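For reference, the structure discussed in these notes is given below.
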Amino acid sequence: MTITFKKIEQKWQLEWERKKAFEVKEARGKKKFYVLEMYPYPSAGGLHMGHALNYTIGDIQARFRRMQGFNVLYPMGYDSFGLPAENAAIKAGEHPKKYTNKAIANFMKQQSYLGLSYDWQRKIQSHDTDYYKWNQYFFLKFLEKGLAYRKKAAVNWCKKCDSVLANEQVHNGKCWRHTDTEVETKQLEQWFLKITDYANELLNNVDKLDWPERIKIMQKNWIGKSHGTEIEFEVANKNKVVLVDAVHCLVDAEGKVNQELRTYLDVLGNKKIVLTNAPKENHKVFFKNIDYEIFTLENKPNKKNPDYYEKVLKKFNLGANDVIYFEHDKESAESAKSVGINTLFYQNKVGEVKEFVNNALNQKWSIFTTRPDTIFGVTFMVVSAQHPRLFELVTKEQKSKVEKFFKKVKSIRQEEVEQLDKEGVFTGSYAINPLTNEKIPVWVGNFVLADYGSGMVMAVPAHDQRDFEFAKKYNLKIKEVIKGGNSNINEKAYVGEGVLVNSGKFNSIDSRKAIEEITKHLQSKKLGEKQIQYKLKDWLISRQRYWGTPIPVVYCDECGIVPVSESQLPVKLPDKVKFGKGNPLATNKQFVNAKCPKCKGKAQRETDTMDTFFDSSWYYLRYCDSRNKKQPFDKKKVEYWMPVNQYIGGAEHACMHLIYARFFTKVLRDLKIIGKIDEPFIKLFNQGMLHGSDGFVMSKSRGNVINPLDIIKKYSADILRIYLISVAAPDSDYAWSDKGIEGVSKFVNKIINYFNNIKFGKSSARIESKLHKAIKEITDDIDNFRYNLAVIKLRQLFEVIESEKYLSKGDAGNFLKLLSLFCPYIAEEFWHKIGNKTLISLENWPKADEKKIDDKLEHVDNLVDKVIGDINNIVKLIKEKQNKVAEKCYLYVLPSEFVNYNNNLEKIKKRTNIQVQVFAVNDKNKYDPNEKANKAKPGKPGIYVE
RNA sequence: GCAGGGGUAGCGAAGUGGUCAAACGCAACAGCCUCAAAAGCUGUUCUCUUAGUGAGUUCGGAGGUUCGAAUCCUCCCCCCUGCACCA
């Protein structure tokens, strides 16, 4: 009687379904266990081997926990919104919904072949209105809380598509559909979620997670917290012309020089015009070293008359906005103001010039640094070429150079950025070092990020390698301010710690301490403060595509942005749309035209849809109560099932889905939509990558793809399952091997063969010992995802079982239970065949009986193995040396060990293939022609072969 | 460059202080079975040596700690993965 795999697979699938074996309900008294695999995108290609591995790993865990007595929630669903369905729609003309539903049906069929023990009642699909309705609901909640907002952002734009592209649609800087068209960066209004509000908690909680270390580190780096100091630098707008009155500029009433004004005139790189009627030598003293122009109007003009200023502006062809003016006389100042000139009526008050210049030239630039201790070494500043305020800094003289540079930077593709040389151009502006009052040139550079910190950095070439390279290239000053180690700042920046030099009153302080001290000093002068920066940016969720959740807001001509009211949800995705150019929603009038919920006036619907990562950020909560029509889920049910005890999926989601989902959980907790659940996934397991037999990633173009269905057809689902997890540890990468699955197939067939011809009887002590040891070790191995080792132990156990005459029914059942995790179909089948009416899938996991584990038996087995090896070796040698064929072998053993060997006669015979006889050494009647009995030692019998 | 994970016999892959020439699988070789092949069963597979012995050299390389190291420490080389000029 043999087994037809296909038959038993169908039989038990039906049986599981009929008995609702894997459907679960909350049961207060029962401990729960939530096993979850990352829900898949249902591609038309169906299941690939990576899926099969992923789900097998999860299913083994789910079956194990279920048998251990847990109330196991093990659901499946589909991440069914997204780009490929829309692409297919454009290409094949098939509606995304139809395409997706077909793909899901196919996925489900294939998954059921694999013997996965899902609770299918809980299935979810993110493209269902019943699901995405709640996306919209959550969005409104976020909006209410200020966690969703709209802001201008850079997006990928294709001219030919007339549309925004997702990052995935940009290939090598070109549009995926127009390979001749460079993707442009455009500034558009987009929706964001304020994930940065949670940056700190997301970071701190990482350490509490039982996740693979590398994922935790990836998340930490992604969030990227750094402590530093924000320092305010002043930079002048150099395009404004500075007008200064000359009559009273030199001294005040008491004859004191206005030193502050003088400093600023020196520092401001702007064009300076001194208005005067009668040039005096005094001017030269006051304006010493300052580049200025003298301007005199003829006919003794009256500076108190507004006409005067209009004439001045006209003369230089300037508008009132193009200049600022310093005037010491009140009446004159008022006149200048009356023609619209930004004028300071200066009165020698401390700080008045500074305040005025700050306001007039809009020139405060806060920069972020982790090394405020090096502030005395700042010799230039660098602003990002992508900075929106860049051109405020550029002077007329430098404009063409900067523009040229700007274009060059813009044309550089993402992939090239890595090997870029540091390059830049002088903007023409200068900044003022707040501690030294030194004048520092401001450059624009290609190595400064616009969206980190303030987009401008203070450059300390002596102590930062990037700044150093830049300084060397453009011959900028390098000023050493930290001494430490054998630093030689002519060759390389010294980035380590040390003692401050050339740093005024901070000299000889340790650099670490100086970070504190200088920050404190800046703080006291209101020039800076401690700051924490994150690399994490707010999450842009707007997508200009059809196949996603519509963002539930309208734009009213009167009221502006108005959220759709909750009672009107869902905003349904219209079925009838035209695919082609751009976002099909934008051209769908029925969809776009809406009533304003507030004023009932005309309004346009938002046509952007949500990033699909929004869908996957809470699906694990929906599984807890997936058919709830009134709420996203019942809070109590979520409280029962959450958090997920074991999450399983690929490492590629480390910084996207896994951060978003954590963020969502925290927000929903704070909105009191769920209880006090801080983290969604306690434990995470990353499966390894399964490569083709050539060692490369499986891909159609390489032709190394192995389809799970083909393997199931050829071998069976059980064989595929046990193969997938027995080659290597499930978290390490490995390559598919045809020979490997062949080997596993032999093993499974041996088991089938054995159970077809099984003879029940009392299990030997040897079997019992081995069985209970295996139970103990396999339990531990499964617990720790060492599936490969568990299979080895199962094989070794089977070897012992097979070598013995009888097996008890109970032990046969125990063996099948161990097997059932890996090979559920044949386990069910034989469980049934040996007379059980229950499902093995719902049986109790066997308990190891320590008392039955007998290490002595194992020790004897080892000794017998050794003797077998020795006998075979001798047989081989006498054949080679003496050309004699051995027929019989005699063992001479210590009397105390006689039983050990005599009990194993059959085994020895079988494995040496000759007759064997055992004598105790003290046996007077023993046959021992060569006196080999003398050689006998404990655990090592003497051997004679003839 | 930084961070993380690795480098183990022909290959895949266990093993983290002695019981290790190192599980298990594959491959190869030999024997049994068979008319024969496949399958199945049994054995062998670092080197030399040998009636089961003994000796030597191994776990990326070089040093070190230890009575004792694949396993601990230091330095170096190589591979993979992630981040990438984050100030």
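Here are the numbers for the structure shown:
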item: Options A:Asn900, A:Asn836, A:Asn844, A:Asn934: the member that is farther than 30 Å from A:Lys7 by Cα and more than 13 Å from RNA strand B (Cβ to nearest atom); result: A:Asn900
item: Tally of residues being assigned to a helix (DSSP H, G or I) and within 16 Å of RNA strand B (Cβ to nearest atom) across the stretch A:351-373; result: 2
item: Selected residue (criterion: modelled with the lowest pLDDT) from residues of the stretch A:451-496 that are within 8 Å of RNA strand B (Cβ to nearest atom) and assigned to a loop (DSSP other than H, G, I, E, B); result: A:Asp451
item: Any hit, the stretch A:49-64, residues being in contact with a strand residue (DSSP E or B) (Cβ under 8 Å, 6 or more places away or on another chain) and either without any contact (Cβ under 8 Å) to a residue 60 or more places away in the chain or not in a helix (DSSP H, G or I) (or both); result: yes
item: Of all residues in the stretch A:805-814 being out of contact with any Phe, Trp or Tyr (no Cβ under 9 Å at 6 or more places or on another chain) and surrounded by fewer than 16 Cβ atoms within 10 Å (Cβ to Cβ), the one that is farthest from A:Pro846 (Cα to Cα); result: A:Lys805
item: Selection status of A:Ala728, outside any helix (DSSP H, G or I) and within 12 Å of RNA strand B (Cβ to nearest atom); result: yes
item: Residues located in the stretch A:779-804, provided they are closer than 22 Å to A:Gly69 by Cβ, part of a helix (DSSP H, G or I), touching a residue at least 40 places away in the same chain (Cβ under 8 Å) and within 11 Å of RNA strand B (Cβ to nearest atom); result: A:Tyr787
item: Candidates A:Ile775, A:Ile767, filtered to the one that is out of contact with any Phe, Trp or Tyr (no Cβ under 8 Å at 6 or more places or on another chain), modelled with pLDDT of 95 or more and either part of a helix (DSSP H, G or I) or not acidic (Asp, Glu) (or both); result: A:Ile775
item: Of all residues in the stretch A:337-360 being closer than 19 Å to A:Val274 by Cα and in contact with a Leu (Cβ under 8 Å, 6 or more places away or on another chain), the one that is surrounded by the fewest Cβ atoms within 10 Å (Cβ to Cβ); result: A:Val339
item: Flag if A:Asn913 is surrounded by fewer than 15 Cβ atoms within 10 Å (Cβ to Cβ), of a type outside the set (A, V, I, L, M), at positive phi and within 15 Å of RNA strand B (Cβ to nearest atom); result: yes
item: Tabulated pairs, the stretch A:211-238, first within 30 Å of A:Ala360 (Cα to Cα) and small (Gly, Ala, Ser), second part of a loop (DSSP other than H, G, I, E, B) and within 7 Å of RNA strand B (Cβ to nearest atom), C-beta under 8 angstrom, 6+ apart or interchain; result: A:Gly228/A:Thr370; A:Gly228/A:Arg371
item: Test: residue in the stretch A:332-339 that is outside any loop (DSSP other than H, G, I, E, B) and under 12 Å from A:Leu261 (Cβ atoms); result: no
item: Count of the stretch A:903-936 residues which are aromatic (Phe, Trp, Tyr) and within 25 Å of A:Asn862 (Cα to Cα); result: 1
item: Any hit, the stretch A:340-350, residues being over 30 Å from A:Pro301 (Cα atoms), in a strand (DSSP E or B), polar (S, T, N, Q) and modelled with pLDDT of 90 or more; result: no
item: Residue pairs meeting the criteria (Cβ under 9 Å; at least 6 apart or on separate chains; first over 13 Å from A:Val916 (Cα atoms) and of a type in the set (Val, Ile, Thr), in the stretch A:868-887; second near RNA strand B (Cβ under 6 Å from one of its atoms) and in a helix (DSSP H, G or I)); result: A:Val885/A:Ile878
item: Near pairs, Cβ below 7 angstrom, 6+ apart or cross-chain, from the stretch A:743-763 (in contact (Cβ under 8 Å) with a residue 24 or more places away in the chain) to any residue that is within 12 Å of RNA strand B (Cβ to nearest atom); result: A:Val744/A:Ile722; A:Val744/A:Tyr723; A:Val744/A:Ser726; A:Phe747/A:Arg795; A:Val748/A:Ile722; A:Ile751/A:Phe798; A:Tyr754/A:Glu802
item: Selection count, the stretch A:194-218, where residues are touching a Leu at 6+ places or on another chain (Cβ under 7 Å), within 12 Å of RNA strand B (Cβ to nearest atom) and not hydrophobic (A, V, I, L, M, F, W, C); result: 2
item: Candidates A:Thr100, A:Thr56 - the one that is of a type in the set (Ser, Thr, Tyr) and under 20 Å from A:Tyr825 (Cα atoms); result: A:Thr56
item: Selection status of A:Asn883, within 15 Å of RNA strand B (Cβ to nearest atom) and on the phi < 0 side of the Ramachandran plot; result: no
item: Residues within the stretch A:736-764 that are within 15 Å of RNA strand B (Cβ to nearest atom), more than 20 Å from A:Ile60 (Cα to Cα) and not in a loop (DSSP other than H, G, I, E, B), tallied; result: 13
item: Only one of A:Lys876, A:Lys856, A:Lys907, A:Lys852 that is more than 8 Å from RNA strand B (Cβ to nearest atom), among the basic types (Lys, Arg) and exposed (fewer than 15 other Cβ atoms within 10 Å of the Cβ); result: A:Lys856
item: Answer residue from the stretch A:287-320, given it is in contact (Cβ under 8 Å) with a residue 40 or more places away in the chain and not in a loop (DSSP other than H, G, I, E, B) and is nearest to A:Thr276 (Cα to Cα) among those; result: A:Ile294
item: Residue that is farthest from A:Glu230 (Cα to Cα), among those in the stretch A:435-450 that are within 15 Å of RNA strand B (Cβ to nearest atom) and over 33 Å from the mean Cα position of the chain (by Cα); result: A:Trp443
item: Top-ranked residue of the stretch A:140-164 - restricted to ones that are surrounded by 16 or more Cβ atoms within 10 Å (Cβ to Cβ) and in a loop (DSSP other than H, G, I, E, B), ranked as modelled with the highest pLDDT; result: A:Leu147
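Here is a yes/no grid of residues against (1) part of a strand (DSSP E or B); (2) at pLDDT 90 or above; (3) among the polar types (S, T, N, Q):
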| position | (1), (2), (3) |
| --- | --- |
| A:Ile375 | no, yes, no |
| A:Val383 | yes, yes, no |
| A:Val394 | no, no, no |
| A:Glu397 | no, no, no |
| A:Val402 | no, yes, no |
| A:Phe406 | no, no, no |
| A:Ile412 | no, no, no |
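To keep it simple, each residue is scored yes or no on (1) surrounded by fewer than 20 Cβ atoms within 10 Å (Cβ to Cβ); (2) at pLDDT 90 or above; (3) within 33 Å of the chain's Cα centre (by Cα).
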residue: A:Arg543; (1), (2), (3): no, no, yes
residue: A:Tyr546; (1), (2), (3): no, yes, yes
residue: A:Pro550; (1), (2), (3): no, yes, yes
residue: A:Val554; (1), (2), (3): no, yes, yes
residue: A:Glu558; (1), (2), (3): yes, no, no
residue: A:Val564; (1), (2), (3): no, yes, yes
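The values are calculated or read from the model by the stated rules, or taken from the named source; none is laboratory data. Because the structure is predicted, anything quoted here is derived from the model rather than measured. With ideal geometry, Cβ positions are generated from the backbone for all residues, glycine too; neighbour counts draw on all protein chains shown.
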